[in-house]
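Right, one structure below, let's go through it.
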Amino acid sequence: MSNEHNLPGGPHFAFRDGELHVERLPLRGLALSYGTPLFVYSAASMLEALAAYQRGFAGRNARICYAMKANSSLAILQLFARAGCGFDIVSGGELKRVLAAGGDPSKVIFSGVGKTRAEMRLALEAGIGCFNVESEQELNVLDEVARSAGVVADISIRVNPDVDPKTHPYISTGLRGNKFGIAHQQALTAYRHAAGLTGLRIRGIDCHIGSQITQETPYLDAMDRILDLVGAIEDAGIALEHIDFGGGLGIDYNGDTPPRADALWAQLLHRLDARGYGDRLLMIEPGRSLVGNAGVCVTEVLYLKTGEQKNFCVVDAAMNDLPRPAMYQAFHGIVPLSRSDATPSPWDVVGPICESGDWIGRDRQLAVRSGDLLAVLSAGAYCMSMASNYNTRGRAAEVLVDGDQHWLIRERESAGDLFAGEHLVTA
């Protein structure tokens, strides 16, 4: 273990004797076995991130529901289910994944602004724990679906607290102009309406203000506004069993310093206790903070192309594999798998897709040659789950590592896989 150097993801991604390892395995060996692009995840990193939340809630009546949109691969869901997590879902397909991975449907929260009647029926049949309802029309539709099925749907209402999470506008969800939730000033009216619907049973209140949040203040502000509402709702005679504060805690992509989960929740719980609500069932929905730094994408350098204004390092991973830079202008660290004494040069790391937006990193100082392998860091969240087949590119393979063991958890897609469900016209 000499010459160690840790990267985002803690000690589970480190250079040892000049080679980048995930836990006890060299990434180069995995890339040679399974090809590139290749996503590799550390089980220890994910469980360590989860443990911070579990420490923060020690001795409390709390439930951690993994927001699986961050990474919905079955083996990762299985890992969190075995660790006692529930799941936050936003589609019927995600519910089917939870069930396939052995998750407990009674620990499932169904969020999202556009649930269909078919998805509602599927969730009711599965016996999920709670619907987070996001509009008054949705209350009416869910009531109708539940009564027609002869059951009662447990609900909370997602409230938009109009709090700025200080993050990218595309992943801000708690401001007045966002599509999510019911406006703070309309929430009490919505609760009174829900209380009169016989197909619904009110269980709690929910909010979620955004993603990749790196400051404590937005959480504290949102908690204050939600607890103000809890008091008003209960003064109206409507009991709330649980309070769901959502997720959104950020990770270290490029020197970011979000608060630790246990430290953040120590502050939030202190405020919750001070306001007299510390005995409630607490629910949270972390996603990125559990998996983001636990994954890397290994990619091969195909060509080095020098130009008048830019030098381009063309790799075999692309925006269909790693969509965050193209979508959000997001930063991911990029490092060679092997350390070199060569002098680095500035390169734009780009993929082979026929779009100028297909870039992975700009102006990176790298010492690279064709055939070298690079690791794109902090790729565990919103990469594979948002991957596409643009340019008829198969999605990458995925590997899960635990100590010195590894498992292929998703096979690489072939071109045949991509058009297996398509049909030529025979007329």
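Quick rundown of the values:
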quantity: Top-ranked residue of the range 191-216 - restricted to ones that are in contact (Cβ under 8 Å) with a residue 40 or more places away in the chain and surrounded by fewer than 19 Cβ atoms within 10 Å (Cβ to Cβ), ranked as nearest to the chain's Cα centre (by Cα); calculated: T214
quantity: Qualifying positions in the range 147-160 - surrounded by fewer than 24 Cβ atoms within 10 Å (Cβ to Cβ) and in contact (Cβ under 8 Å) with a residue 24 or more places away in the chain; calculated: R147, A149, V151, V152, D154
quantity: Test result for L302, at pLDDT 95 or above, aliphatic (A, V, I, L, M), farther than 22 Å from S378 by Cβ and outside any loop (DSSP other than H, G, I, E, B); calculated: yes
quantity: Selection from the range 379-410 of residues that are touching a Phe, Trp or Tyr at 6+ places or on another chain (Cβ under 9 Å) and of a type in the set (S, T, N, Q); calculated: T392
quantity: Any hit, the range 42-58, residues being under 30 Å from I243 (Cβ atoms) and outside any helix (DSSP H, G or I); calculated: yes
quantity: Matching residues, the range 73-101, being buried (at least 23 other Cβ atoms within 10 Å of the Cβ) and either in contact (Cβ under 8 Å) with a residue 60 or more places away in the chain or closer than 28 Å to L272 by Cα (or both); calculated: I76, L79, F80, C85, G86, F87, D88, I89
quantity: Of residues in the range 352-367 being closer than 14 Å to A317 by Cα and exposed (fewer than 14 other Cβ atoms within 10 Å of the Cβ), the one farthest from the chain's Cα centre (by Cα); calculated: C354
quantity: Among the residues listed as H193, H270, the single one being closer than 30 Å to G150 by Cα, assigned to a helix (DSSP H, G or I) and not small (G, A, S); calculated: H193
quantity: Number of the exception - I233 against (1) of a type outside the set (S, T, Y); (2) crowded, with 22+ Cβ neighbours inside 10 Å; (3) outside any helix (DSSP H, G or I); calculated: (3)
quantity: Given (1) in contact (Cβ under 8 Å) with a residue 40 or more places away in the chain; (2) in contact with a strand residue (DSSP E or B) (Cβ under 9 Å, 6 or more places away or on another chain); (3) not assigned by TED's automatic domain parsing to the domain that holds S414, number of the condition R55 does not satisfy; calculated: (2)
quantity: Output for the range 264-279, where each listed residue is without any contact (Cβ under 8 Å) to a residue 40 or more places away in the chain and closer than 17 Å to E216 by Cβ; calculated: H270, D273, A274
quantity: Odd one out for R271 among (1) within 30 Å of I155 (Cα to Cα); (2) at pLDDT 95 or above; calculated: (2)
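Residue-by-condition table, conditions (1) in contact (Cβ under 8 Å) with a residue 60 or more places away in the chain; (2) surrounded by fewer than 19 Cβ atoms within 10 Å (Cβ to Cβ); (3) of a type in the set (S, T, Y):
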site: T257; (1), (2), (3): no, yes, yes
site: Y303; (1), (2), (3): yes, yes, yes
site: N311; (1), (2), (3): no, yes, no
site: M327; (1), (2), (3): yes, yes, no
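The values are calculated or read from the model by the stated rules, or taken from the named source; none is laboratory data. Just so it is clear, the model here is predicted, and its values are computed rather than measured. Neighbour counts run over all protein chains shown; Cβ positions are idealised from the backbone, glycine included.
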